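Novice: Input: one structure, supplied below.
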Amino acid sequence: MAELLLPVSDEMVNELEACRGKYGWCWLSLSPLQKAHVINNVASILNRFWGNSIKSFLKGKPWRDPMKFLQDILGDESKRKYRAVSQWMLGSLDNKGFIEHIAFIIRSYLGTR
């Protein structure tokens, strides 16, 4: 089993925090289309920092590229209030916990450590 490195930088944390600051206060009132836009923003941030690392692990998997893979994960994690994206947006999950949870899901889906 290969190891998937998903480094976390201050720049990544700051960008995610800015996104949460912009949308977290109104998360529950956003329409599904607006939430999809936010999810795309978060996926784009993660893709910039993790996309190259994820890409080689997607061979033979149903996702065609890292961005689609991240959108799928984040979309699933935003569907209910108790899921990670919603908890993070609402402030009951901090940036570190959110990033660690998403990294865990990525590794689980890709069968890596």
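Any read-out appearing in this document is the output of simple, stated calculations on the displayed coordinates, not a laboratory observation. Everything quoted here is computed from the prediction, not taken from an experiment. Glycine gets a Cβ as well: all are built from the backbone with ideal geometry, and neighbour counts include every protein chain shown.
Novice: Modelling each spin label as a point 7 Å along the Cα-to-Cβ direction, I'd like the Arg64/Glu17 distance in nm, to one decimal.
Specialist: Placing both labels 7 Å along Cα→Cβ, they lie 3.7 nm apart.
Novice: Give me the one-decimal nm value for the distance between modelled label points at Leu28 and Asn52, 7 Å along each residue's Cα-to-Cβ direction.
Specialist: 4.2
Novice: Still on this structure: Counting Lys and Arg as +1 and Asp and Glu as -1, each charge on the Cβ, what is the dipole of the chain about the Cα centre in debye, to the nearest 20?
Specialist: Values: 16 positive and 11 negative charges, 89 e Å.
That gives the chain a dipole magnitude of about 420 debye.
Novice: Sequence-distant or interchain residues sharing an amide H contact under 5 Å with Trp63, placed H: which?
Specialist: Distant-sequence amide H within range of Trp63: zero hits.
Novice: Calculated from DSSP H runs of 4 or more alone, at -39500 (n - 2.57) each and per residue, what is the 222 nm mean residue ellipticity of the chain, nearest 500? Don't skip to the answer; put the middle values down first.
Specialist: Numbers: 5 runs with 72 residues, N = 113.
About -20500 deg cm²/dmol.
Novice: Expressed in nm to one decimal, what extension gain is obtained for the pair Lys96 and Arg83 from 0.36 nm per residue of sequence separation less their Cα-Cα distance?
Specialist: Working: separation 13, 0.36 × 13 = 4.68 nm, distance 1.53 nm.
Stretched out fully, the Lys96 to Arg83 stretch lengthens by 3.1 nm.
Novice: Greater than 27 Å separation of Cα atoms is the criterion. Which listed pairs, Lys22/Lys59; Lys55/Lys96; Lys22/Lys68; Lys22/Lys79; Lys35/Lys55; Lys22/Lys61, meet it?
Specialist: Values: Lys22/Lys59 35 Å; Lys55/Lys96 23 Å; Lys22/Lys68 23 Å; Lys22/Lys79 19 Å; Lys35/Lys55 25 Å; Lys22/Lys61 33 Å.
From Lys22/Lys59; Lys55/Lys96; Lys22/Lys68; Lys22/Lys79; Lys35/Lys55; Lys22/Lys61, over 27 Å: Lys22/Lys59; Lys22/Lys61.
Novice: Shifting gears a bit: Taking N as the number of residues in the chain, what value does Rg over Cα atoms divided by 2.2 N^0.38 Å take?
Specialist: Values: Rg = 13.5 Å, N = 113, 2.2 N^0.38 = 13.3 Å.
My calculation over the Cα atoms of the chain gives 1.02.
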